[in-house]
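These notes concern the structure reproduced below.
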Amino acid sequence: MHGNESSSQSTRSLGLDLHLDRPSGPSSRALAEAIREAVRTGRLPVHSRLPSTRELAADLGVSRGTVTRAYDQLSAEGHLLVRQGTVPRVATAPPTGTSPTALPLTRRQTRLRWDLLPGKPDLSAFPRTAWARAQQRALRTTDAAELDYGDPCGHPALRTALAEYLGRTRGVHATAERIVVCEGHRHALAVLSTVLGELGAESIDFEDPCLPHLCEVPGRGGLRVRGVPVDGEGLDVTAVRGPAVVVTPAHQYPLGATMSQRRREALCAAAATEQRWIVEDDYDGEFRFDREPVGALQRLAPDQVVYSGTTSKTLAPGLGLSWLVLPRGLVGAVREVRTRLGLVPPVFEQLTLAEMLRSGSYDQHVRRCRASYRRRRLRIVSAIRESRTRHELYPAGIAAGLHLTLRLDPEGPSEERMLRRMRRHSVAVEGLSDHWMNERERQAGLVIGYAAPPGHAFDNSLRALMRALSPS
Ligand SMILES: Cc1ncc(COP(=O)(O)O)c(C=O)c1O
């Protein structure tokens, strides 16, 4: 990097000491590549400021037009955020994706430029101001005594705020006593698997298809995992056998169906007679676009259903905050395991979320995201309908959530071929077929996360996706 003295220069504008390697000559393309490289290698971190065009031109001894063209190119690629009257900033993370905290998801990490991976909200939309305000309030008003080892099931203030919120928005029958704060749905599932194992369960049923890294969790805790087929109405209730079953009734992952009322009732009735726990994974229930969300399954059978919700889709997976609403019969056993493990999310994070819920800023943020994701979904679906590729791709599921599943025409290109095309165009999406446990049931398709790109990069991500979907 620093070896070639003749082609490197430092610029110190705005206190920024930026070392640029310029491959050759003063062209805007060479300058753009040098800045891109600095972003890629992490030397220019996300949100860092760049000099203005005038300052950088003066520092490097090139024309201002050269710098403007380089910045425009980087802005179009989504690397820079360039707005009239403000200093340019680095907009995207370097696409190396090696954050150590994300290690469990390594298979999903990508070096591809256009991030359309499912499961991620628009992290650039995180409500920093509202969060900071709520955190300030929590810091000001929390008694010193509350900073001691807390309740193993979570701070009572958060559990009270959640009970109100879940009753109001998802129709969940919840009281603070039945709520347990966890560090994400995966963590919640690990706790539940331990509890079920200690209560004598040997297996657990999961929808097939489902998210592979979730159904591996109970397996690691010693439970046998069985797949149960799903169709357009949700889970095939007659095929459930285990002492517990995990379902995504609001928006089946990844196929996107809502479980019909008939199936919901049948699932709850069978659970009552066969003494089975139902784990309701309500991972994106806040995001229904075509109509009011269907309420949670839990309200049909609060003594049978464990309701699991998370901030991973509404705020950010990195927060690591989620909750379970437990049937009365599991409260004692879960409390006992939590006490033994001693794991609770940090108290100020819990209290900040409680404040966001109480003040209404959580609702406001969810509403804003809902409107944005609804627009994004419409844009992708219309682009696909209008494209030449429409005979090969079938959008599956309801208008909801953060992802769109496209089934592939069996007569058209294979999933593998489509994924190769995606990689060639630097577009990160997931294949559908990997989501089945039963290999014979596997269907070809693509799972596209339209919420993931930051707002300013969505248009370019969509363009790249459509280029990749077009027959070459
Ligand atoms: C089906 C499903 N359930 C739950 C979650 C949330 O998991 P967590 O709260 O551990 O981030 C996800 C996130 O990708 C998901 O796709």
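Quick rundown of the values:
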item	result
1.4 Å probe accessible area per residue over the chain, in Å²	45 Å²
Segment 128-359 - share of DSSP beta bridges that are antiparallel (%, nearest 5)	40 percent
Relative contact order [Cα under 8 Å, 6+ residues apart], the chain, whole percent	18 percent
Degrees separating the helix 415-424 axis from the principal Cα axis of the chain, which is the longest one	30 degrees
Cα gyration tensor category, rounded, prolate or oblate, for segment 128-359 with a/c compared to 1.5	prolate
Computed over segment 284-442, the ratio Rg/Rh where both radii use C-alpha atoms and Rh is Kirkwood	1.04
Added length on full extension, which subtracts the Cα-Cα distance from 0.36 nm per residue, Arg89 to Thr129	12.5 nm
Fraction of accessible area attributable to carbon and sulfur, the chain (%, probe 1.4 Å)	50 percent
Pairwise FRET efficiency - Gln443 versus Arg328, Cβ, R0 = 51 Å, nearest 0.05	0.80
Arg417 paired with Tyr394, simple spin-label distance in nm, labels 7 Å along Cα-to-beta-carbon	1.9 nm
Computed over segment 128-359: relative contact order in percent, which uses C-alpha pairs under 8 Å that are six or more apart	29 percent
Sites Arg64 and Arg368, calculated FRET efficiency, Cβ-Cβ separation with R0 41 Å, nearest 0.05	0.65
Gyration tensor (alpha-carbon) shape descriptor, segment 194-282, a/c threshold 1.5	oblate
Cα radius of gyration and Dmax for the chain (Å)	24.5, 80
Extended-chain gain in nm, criterion 0.36 nm per residue less alpha-carbon gap, Ala269 and Arg43	75.5 nm
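The values are calculated or read from the model by the stated rules, or taken from the named source; none is laboratory data. Source: prediction; values computed, not measured. So basically every Cβ, Gly included, is an ideal-geometry build from the backbone, and we count neighbours across all protein chains shown. Ligands, DNA and RNA are stripped out before the accessible areas are found, and what is left, the full protein with its side chains, is counted by its heavy atoms. Shrake-Rupley method; radii C 1.70, N 1.55, O 1.52, S 1.80 Å.
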